[in-house]
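Q: Below: one structure in C-alpha cells.
The values are calculated or read from the model by the stated rules, or taken from the named source; none is laboratory data. Fair warning: this is a prediction, and the values are worked out from it, not measured in the lab. Positions of Cβ are backbone-derived with ideal geometry, glycine not excepted, and every protein chain shown enters the neighbour counts.
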Amino acid sequence: MAQAGQREEWGSRIGLILAAAGNAIGIGNLLRFPGQAGANGGGAFMIPYVISLIVFGLPMMWVAWTIGRIGGRYGHGSTPGMFDKMSNSRFAKYFGVLGLALPLIFVLYYTYIEAWCLGYSWFSLTGDYISEAGRNVDLRVYYDEFLGNTTTHSYFPGLSSALTFLLIALVLNVFVLYRGVARGIEMLAKIAIPLLALFCLVLIVRIFSIGDSALVKGTAMDGLAFLWTPDFSTLTSPSVWLAAAGQIFFTLSIGFGSLECYSSYVKQNEDIALTGLTTASSNEFVEIIFGSMIAIPAAALFFGAGEVQSIASSGTYSIGMVTMPEILRSFPGAQLFGTIWFLLLFFAAFTSSVGVAQPVMAFLQDELKIKRGAAAMVVGVFWLLGTIPVIYFYRYGVLDEMDFWSGTIGLVVMALIEVVLFAWVFKIGRSWEVLHQGAQIQVPRFFKPIINYVTPIALIAILVGWMGDAVSQGKLIPQPRLAWDVMNRSEYTGNFIKNSENDVTHLQRNIISNFEGSVSTAVTGANRDLTAYARIQFPGDGTVRVVSYEGDPKLAPGVTVASLQSYLNAKGFHYEVFDNGAWVSEPGEAMLAIEGLNRAPYIWLIRIIIVALIVAFSIMVHVIWKERRLSGEGGTA
Ligand code: ALA
C-alpha cells in the first residue's frame with residue numbers, strides 16, 4: 001500500500017475531536033436550526049429530524065470518516081483521489097470533483113453570513129442598532145440595508161460595511177488555512193469551541209432569567225414546549241421531511257467532502273468510528289440543547305409562542321438576525337448580550353468555513369503539489385473574487401441559489417455517491433474493516449443494512465422530492481422579485497407594519513399575488529430592473545392612501561395608483577407609534593421606493609459559475625491523472 005509522505009496530521013486526539021466538532025457546529029446549529037424548526041411547526045419538525053439523524057446523519061458520518069481514511073492512506077485529502085482509490089473505474093474520480101466545486105461555492109456565501117455575524121457583533125458592541133440618536137431603528141430595514149436588499153439608505157449608505165466585515169472574515173479564514181491543519185484549524189477549534197459553549201450558557205441564563213415584564217407576551221418555557229411537544233400531524237407532509245433531512249446534512253457537514261478531508265489527516269490507528277460518533281453527538285448537543293434554548297424561547301417569550309412559526313417563516317436567518325437583536329435590545333445589557341450572541345454565531349461559522357475550504361487546500365497541496373502558503377493565497381484570491389458577486393447581487397437571490405445547489409441538493413448528491421461507493425463499490429465488508437481499524441467501539445451491526453439499503457433509497461427519495469418541489473414551485477425558472485421600503489426610515493420614531501403571511505385573507509392574498517404578478521410580467525417583458533416611487537399617506541385608521549406615483553413606464557398598465565393602493569392595503573401596511581404602553585396606528589406620510597428586480601441574469605450567472613467550476617476541476621483532475629499515468633505513478637486516467 002503506497003504511503004503518503006510529508007502530509008500533515010492532527011496534533012492531538014482532543015484537537016481532532018474539537019476540530020471535527022467545530023467543522024460541524026456552525027450557523028446551521030444556532031441560526032438555521034431554530035429557523036427551520038420554527039418554520040416547520042416546532043414539535044412537528046423534531047420527529048422527522050430525529051429519524052433523519054438515524055437514517056442519514058450517523059451512517060453518513062461513518063461513511064465520510066472511512067472514505068477520508070482510505071484517501072489519506074494514499075495521500076489524498078480531497079474526494080477525486082479518495083473515490084479513485086475506492087473504485088476500479090476511471091470515472092470515479094470525476095464524481096469526486098463535486099467534493100471540490102460544491103464546498104467552494106458553499107464557502108463563498110457561508111463566509112458572507114459569517115461576516116454579517118461579525119458585523120453585527122460590532123454594531124452590538126457600539127450600540128449602533130440599539131438606539132440611533134433616540135430614534136427607533138427598524139431592524140428588518142437595518143438588516144436589508146446592510147445586505148443591500150433594498151434601495152433605501154436610512155442606516156447604511158451602501159455596501160461598504162458589509163464589504164469591510166467580509167474582508168476581515170476572509171483574512172482571518174485564509175490566515176488559519178495558511179497556518180495549516182494542526183497549527184491553524186486545530187488551534188482555532190481549541191479556542192473557539194470552549195468560548196462557544198460559554199457564550200451559549202451566558203445567553204441561556206440571560207433569556208431564562210427575563211421575568212414578567214410589560215414587554216413580554218409569553219415565557220421562555222413556551223418556546224421549549226413549542227419545540228418539544230411532539231406533533232404527529234405533519235408526518236405526512238413531505239415538505240417537513242425534506243426540511244428536516246436538509247437540516248441534518250447541513251448541520252453535520254455531510255456531503256461537503258470536508259469531514260472526509262479531516263479524516264485524511266488522522267494518524268494510522270486513530271479511532272474514527274468513535275470520532276465520527278463524537279462529531280455527531282457534539283453537534284447534536286449544541287443544536288438540540290443550545291440551538292433550541294436560545295432563539296426560539298427568546299422569540300416565544302417576547303412575541304408569544306403563537307408567533308414563533310410566522311417569525312421563523314419570514315426567512316431562514318431572520319429569527320437570529322432580526323428577532324434576536326430586537327429582543328436583546330429591549331432588556332438591560334443589550335450591548336453586552338447582543339455582542340455575545342453575534343460573536344457566538346461568528347465563532348461557530350468560522351470553525352466551519354475553514355473546514356469546508358480545506359478540501360480545496362488539500363487538492364492544491366496533494367494533487368498539484370503547491371506549497372501550503374501559496375495554496376492559501378490561491379484559495380484566498382478565489383474566495384475574494386467569488387464572494388464579491390454574492391455581496392453585490394445578493395438582492396437578486398444569488399445566496400439562496402448557491403445554497404440550493406451546493407448547500408442542499410449538492411449535499412444529497414454527494415452523500416448518495418459516497419454511500420454507494422462505501423457499500424457497493426468498495427463493499428460494505430471492507431469498508432466496515434477500515435472504519436473499525438484501531439477502534440475501541442463497535443458500530444452496531446444494524447447500521448449495515450441501513451447503510452446498504454435504507455440510506456441510499458431514502459437519499460434518492462429526498463432528491464426526487466426536492467427536484468419535484470423545485471419544479472412544481474417554478475424555482476428552476478428564476479422569477480422577478482418585488483422589493484419596496486420606506487425611504488429615510490431613520491427619521492421616524494414609530495414602526496411601519498405589514499401583516500404577516502398568516503394573517504391575510506383569501507381576498508387579500510389574491511390582490512397581493514395579482515399585483516406581484518403584474519410587476520413580474522413587466523420586468524420579464526423589459527428584461528431589466530424597473531423602479532418607481534410613491535408618496536403615501538396614513539389616515540391613522542390602519543389603512544394607506546397613495547397620493548402620487550412616478551414609475552418606469554414599463555410598469556404600466558399593471559402598476560397604477562389604484563393597484564398599488566390596493567396592494568399596500570392588502571398587505572396591511574400602516575404606521576404605528578408606541579403610546580401609553582401600547583403600539584397604536586398613527587397618521588403620517590412617507591415616500592416609498594419600489595423595485596421590480598430582474599433576477600434571471602444573476603441566477604443564471606451563478607448556475608454557469610457552478611458548471612464552470614465543475615468543468616474546470618474535472619479538466620484539472622484529468623490532466624493530473626494523465627500525467628501520473630504517463631510518468632508511471634499509477635492512476636486510472
Ligand atoms: N455544518 C456547518 C453548519 O452547521 C456547515 O453551519
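Q: Which of the numbered conditions does Asp144 fail, given that it passes all the others? Conditions: (1) among the acidic types (Asp, Glu); (2) in contact with an Asp or Glu (Cβ under 9 Å, 6 or more places away or on another chain); (3) surrounded by 24 or more Cβ atoms within 10 Å (Cβ to Cβ).
A: Evaluating Asp144 over (1) among the acidic types (Asp, Glu); (2) in contact with an Asp or Glu (Cβ under 9 Å, 6 or more places away or on another chain); (3) surrounded by 24 or more Cβ atoms within 10 Å (Cβ to Cβ) leaves (3) as the failure.
Q: Which of (1) in contact with a Pro (Cβ under 9 Å, 6 or more places away or on another chain); (2) at negative phi; (3) within 15 Å of the ligand (Cβ to nearest atom) does Thr316 not meet, given it meets every other one?
A: For Thr316, the failing item is (1).
Q: Are there any pairs, at least 6 apart or on different chains, whose C-beta atoms fall under 7 Å, with the first in the range 551-566 and closer than 10 Å to Ala532 by Cα and surrounded by 18 or more Cβ atoms within 10 Å (Cβ to Cβ) and the second at pLDDT below 95 and of a type in the set (A, V, I, L, M, F, W, C), and if so, which?
A: As it stands, the answer is Gly551/Val559, since those pairs meet every condition given.
Q: With the structure loaded, tell me whether Ile254 is in contact with a helix residue (DSSP H, G or I) (Cβ under 9 Å, 6 or more places away or on another chain), modelled with pLDDT of 95 or more and buried (at least 24 other Cβ atoms within 10 Å of the Cβ) or whether it fails that test.
A: On the way: in contact with a helix residue (DSSP H, G or I) (Cβ under 9 Å, 6 or more places away or on another chain): yes; modelled with pLDDT of 95 or more: yes; buried (at least 24 other Cβ atoms within 10 Å of the Cβ): yes.
Yes: the conditions hold for Ile254.
Q: Out of (1) crowded, with 24+ Cβ neighbours inside 10 Å; (2) within 16 Å of Gly338 (Cα to Cα); (3) touching a Ser or Thr at 6+ places or on another chain (Cβ under 8 Å), what's the single condition that is false for Cys117?
A: It is condition (3) that Cys117 fails.
Q: Can you confirm whether Val486 is under 33 Å from the mean Cα position of the chain (by Cα), aliphatic (A, V, I, L, M) and within 29 Å of Glu401 (Cβ to Cβ)? Talk me through it step by step, then tell me what you get.
A: Numbers: under 33 Å from the mean Cα position of the chain (by Cα): yes; aliphatic (A, V, I, L, M): yes; within 29 Å of Glu401 (Cβ to Cβ): yes.
So Val486 fits the description; yes.
Q: Pull up the range 74-94, narrow it to residues that are basic (Lys, Arg) and farther than 21 Å from Gln6 by Cα, then point me to the one that is surrounded by the fewest Cβ atoms within 10 Å (Cβ to Cβ).
A: Going through the range 74-94, the residues basic (Lys, Arg) turn out to be 85, 90, 93.
Filter again for farther than 21 Å from Gln6 by Cα, leaving 90, 93.
Working: Arg90: 14, Lys93: 25.
Residue satisfying both the conditions and the ranking: Arg90.
Q: Which number in (1) of a type in the set (S, T, N, Q); (2) within 27 Å of the chain's Cα centre (by Cα); (3) surrounded by fewer than 16 Cβ atoms within 10 Å (Cβ to Cβ) marks the one condition that Thr387 misses?
A: (3)
Q: Can you pull out every residue in the range 344-374 that is in contact (Cβ under 8 Å) with a residue 24 or more places away in the chain, in a helix (DSSP H, G or I) and more than 16 Å from the ligand (Cβ to nearest atom)? Outline the logic, then answer.
A: Kept after step one, since they are in contact (Cβ under 8 Å) with a residue 24 or more places away in the chain, are these residues of the range 344-374: 344-363, 365-368, 372-373.
Retained after the next criterion (residues that are in a helix (DSSP H, G or I)): 344-363, 365-367, 372-373.
Met361, Ala362, Phe363, Gln365, Asp366, Glu367, Arg372, Gly373 - these are the residues of the range 344-374 that are in contact (Cβ under 8 Å) with a residue 24 or more places away in the chain, in a helix (DSSP H, G or I) and more than 16 Å from the ligand (Cβ to nearest atom).
Q: When the residues of the range 424-435 are filtered to those that are of a type outside the set (Ser, Thr, Tyr) and closer than 14 Å to Pro59 by Cα, which remaining residue is surrounded by the fewest Cβ atoms within 10 Å (Cβ to Cβ)? Before you say what the answer is, go through the steps one by one.
A: The initial filter retains those residues of the range 424-435 that are of a type outside the set (Ser, Thr, Tyr), namely 424-430, 432-435.
Those still in the list that are closer than 14 Å to Pro59 by Cα too: 428, 432, 435.
Values: Ile428: 16, Trp432: 21, Leu435: 23.
Checked the range 424-435; the qualifying residue surrounded by the fewest Cβ atoms within 10 Å (Cβ to Cβ) is Ile428.
Q: OK, next. Residues that are more than 16 Å from the ligand (Cβ to nearest atom) and modelled with pLDDT under 95, at least 3 per element: which helices (runs of 4 or more DSSP H) completely within the range 1-82 meet that?
A: Those helices (runs of 4 or more DSSP H) span 43-52.
Q: Specify which of the listed residues (Val559, Val523, Val519) is of a type in the set (Val, Ile, Thr), modelled with pLDDT under 95 and either assigned to a helix (DSSP H, G or I) or within 20 Å of Pro480 (Cα to Cα) (or both).
A: On the way: Val523 fails: modelled with pLDDT under 95; Val519 fails: modelled with pLDDT under 95.
Selected residue: Val559, the only one of Val559, Val523, Val519 that is of a type in the set (Val, Ile, Thr), modelled with pLDDT under 95 and either assigned to a helix (DSSP H, G or I) or within 20 Å of Pro480 (Cα to Cα) (or both).
Q: Taking the condition of being away from the ligand (no atom under 16 Å from the Cβ), β-branched (Val, Ile, Thr) and not in a loop (DSSP other than H, G, I, E, B), how many residues in the range 212-257 meet it? Let's see the steps before the verdict.
A: From the range 212-257, those away from the ligand (no atom under 16 Å from the Cβ) are 212-242; that's our starting set.
Filter once more, keeping what is β-branched (Val, Ile, Thr): 216, 219, 229, 234, 236, 240.
Remaining after also requiring not in a loop (DSSP other than H, G, I, E, B): 234, 236, 240.
So the answer is 3.
Q: While we're looking at this one, here's another question. Somewhere in the range 282-300, is a residue within 16 Å of the ligand (Cβ to nearest atom), in contact (Cβ under 8 Å) with a residue 40 or more places away in the chain, of a type in the set (S, T, N, Q) and surrounded by fewer than 21 Cβ atoms within 10 Å (Cβ to Cβ)?
A: yes
Q: Can you tell me which residue in the range 192-217 is surrounded by the most Cβ atoms within 10 Å (Cβ to Cβ), limited to those that are modelled with pLDDT under 90 and of a type outside the set (Val, Ile, Thr)? Lay out the reasoning, then the answer.
A: Start the filter on the range 192-217 by keeping residues that are modelled with pLDDT under 90, which leaves 210-217.
Retained after the next criterion (residues that are of a type outside the set (Val, Ile, Thr)): 211-215, 217.
Numbers: Gly211: 8, Asp212: 7, Ser213: 10, Ala214: 7, Leu215: 12, Lys217: 14.
Only one residue fits best here, namely Lys217.
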